[in-house]
Amino acid sequence: MATLVAAHGQFSVSVTHRIEEVETIWRRFTAGGIQSPGQSYDFIRLWVSDRAIPLDEQHYVVGSVNGEPVVLLPLHRKRVHGARLFTWFPGPHAGCYAPVADNECLASLGPEGRAELWEAMAGALTGADLIYLRSVPETVDDHEGLFEELGSNLAIETLYRAQFTSWDQCDKEQRGRSRRKHDRQQGDRLAALGAVSFEEIADPAEAHKAVDIMFAQRSARFKAQGIRDGFVADNLIGFYHNALSPDSGIDVRLHVLRLDGAIVAVRYNVVHGDRMFCLISSMSDCSRIQSGSPGKQCLLHVMQTVFDQGISVFDMGSGLTDEKRHWCNVQVPLRQHYIPLTRLGDLVIGSHRSFQRLRAWAKSNTTIKSLLRSGVILCGRLFGGRCSDRF
């Protein structure tokens, strides 16, 4: 344990390689809610177990003030393109991330105190070139800039959430007359093809069948776009099946839309308290069925039910899409945070920041985005779908 006597109190830092040793602290910090499944003890515990991550690559860093734990950083030490880094465990699979903390206590330290604490925690880590913390919210539980002092940062993405007290409020605020008419027309087109039904699957056997269908639908979409299917290539499908187990500790909610009994759209959600996080969604690739927009119809049914079942926040992740534009009334900027630990780390951070800026510019430029998409599809056709935007 490293100890630092600072102006804002006595800071101490401990590092363990065993997740069970920080379970009590972790659950206490997240009892009031989480920003994403990336902050869930049970989600990360299952991830570490499913991915068989060696103990010496797991680092759970606890920062304390005057002997009282204030913040926890769960970090995976890995090698990427020749550089060694500490980063979040699930990579892009959980929407956003943030240090697991007593946010009120962390806020009370002020900018200088937080900077000293982060410096002490980073100083306790060895064996890598940098710390890279992707997709950290700019605002957490009404605390703006709570992680401003956590290394250097770069604002790139936006997190989209629907936050309502009821379906009635959501409907009034998010759907005008033309939107309701459009949704009704899509529903009529789908209903003309057969009997439409919507459900939240409770039966475990049916849930596993639905997840298999969901990944098959995702694979078909990736193949059509010439994009690498990371779920298959990285052998991740088993993780999402295992999360369905009652002893996983993860509250998975599967919403499906059926046409004549066959599943044509799926949404895989995780619930923690009064927040629901959509991790994966899919729909049939059949052109006949797509004319009825089954994915959008499935989401419409979700919105019509979950807010009246106790959900107050429905998190749809980052990256703007039509469904987020239509339904989300809360936008939270996300930042990439960097802390160099070696000279090589400094160089990698500079390169990655430049790449992120270029990537963001390209995505905002319609012409460039179209050219890049064409290049990705061509690359996928030439190299069997192994071309991707993974960094």
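The values are calculated or read from the model by the stated rules, or taken from the named source; none is laboratory data. From a predicted model like this one, the values you see are computed outputs, not experimental measurements. Positions of Cβ are generated from backbone atoms using ideal geometry, with glycine treated the same way; all protein chains shown enter the neighbour counts. Surface accessibility is based on the protein's heavy atoms, side chains included, excluding ligands, DNA and RNA. Shrake-Rupley method; radii C 1.70, N 1.55, O 1.52, S 1.80 Å.
Values for this structure:
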item: Any pair with Cβ under 6 angstrom, 6 or more apart, that starts in region 31-50 at a residue that is under 22 Å from Ile311 (Cβ atoms) and among the charged types (D, E, K, R) and ends at one that is at pLDDT 95 or above and open to solvent by less than 30 Å² (accessible area, probe 1.4 Å); result: Asp42/Ile250
item: Failed item, numbered, when Thr158 is tested on (1) open to solvent by 10 Å² or more (accessible area, probe 1.4 Å); (2) in a helix (DSSP H, G or I); (3) within 24 Å of Val270 (Cβ to Cβ); result: (2)
item: Among the residues listed as Val136, Val196, Val100, the single one being in contact with a Lys or Arg (Cβ under 6 Å, 6 or more places away or on another chain) and either modelled with pLDDT of 95 or more or hydroxyl-bearing (Ser, Thr, Tyr) (or both); result: Val136
item: Residue within region 282-298 that is modelled with pLDDT of 95 or more, surrounded by 19 or more Cβ atoms within 10 Å (Cβ to Cβ), under 19 Å from Pro90 (Cβ atoms) and charged (D, E, K, R) present; result: no
item: Residue within region 190-202 that is part of a helix (DSSP H, G or I), open to solvent by 90 Å² or more (accessible area, probe 1.4 Å), out of contact with any Phe, Trp or Tyr (no Cβ under 6 Å at 6 or more places or on another chain) and under 26 Å from Leu259 (Cβ atoms) present; result: no
item: Near pairs, Cβ below 8 angstrom, 6+ apart or cross-chain, from region 9-25 (under 26 Å from Gly113 (Cβ atoms)) to any residue that is open to solvent by 90 Å² or more (accessible area, probe 1.4 Å) and of a type outside the set (Gly, Ala, Ser); result: Gly9/Asn66; Gln10/Asn66; Phe11/Val5; Ser12/Met1; Val13/Met1; Ser14/Met1
item: Criterion: under 21 Å from the mean Cα position of the chain (by Cα), within 29 Å of Leu190 (Cα to Cα) and hydroxyl-bearing (Ser, Thr, Tyr) - qualifying residue of Ser248, Ser219; result: Ser219
item: Residues satisfying the stated conditions in region 246-280, i.e. farther than 21 Å from Gly91 by Cα and of a type in the set (Gly, Ala, Ser); result: Gly261, Ala262, Ala265, Gly273
item: Filter pass, Ser312 being within 29 Å of Asp183 (Cβ to Cβ), in contact with a Lys or Arg (Cβ under 6 Å, 6 or more places away or on another chain), open to solvent by 10 Å² or more (accessible area, probe 1.4 Å) and among the small types (Gly, Ala, Ser); result: no
item: Options Gly67, Gly151, Gly82, Gly127; residue that is modelled with pLDDT of 95 or more, farther than 22 Å from Pro333 by Cα and open to solvent by 20 Å² or more (accessible area, probe 1.4 Å); result: Gly127
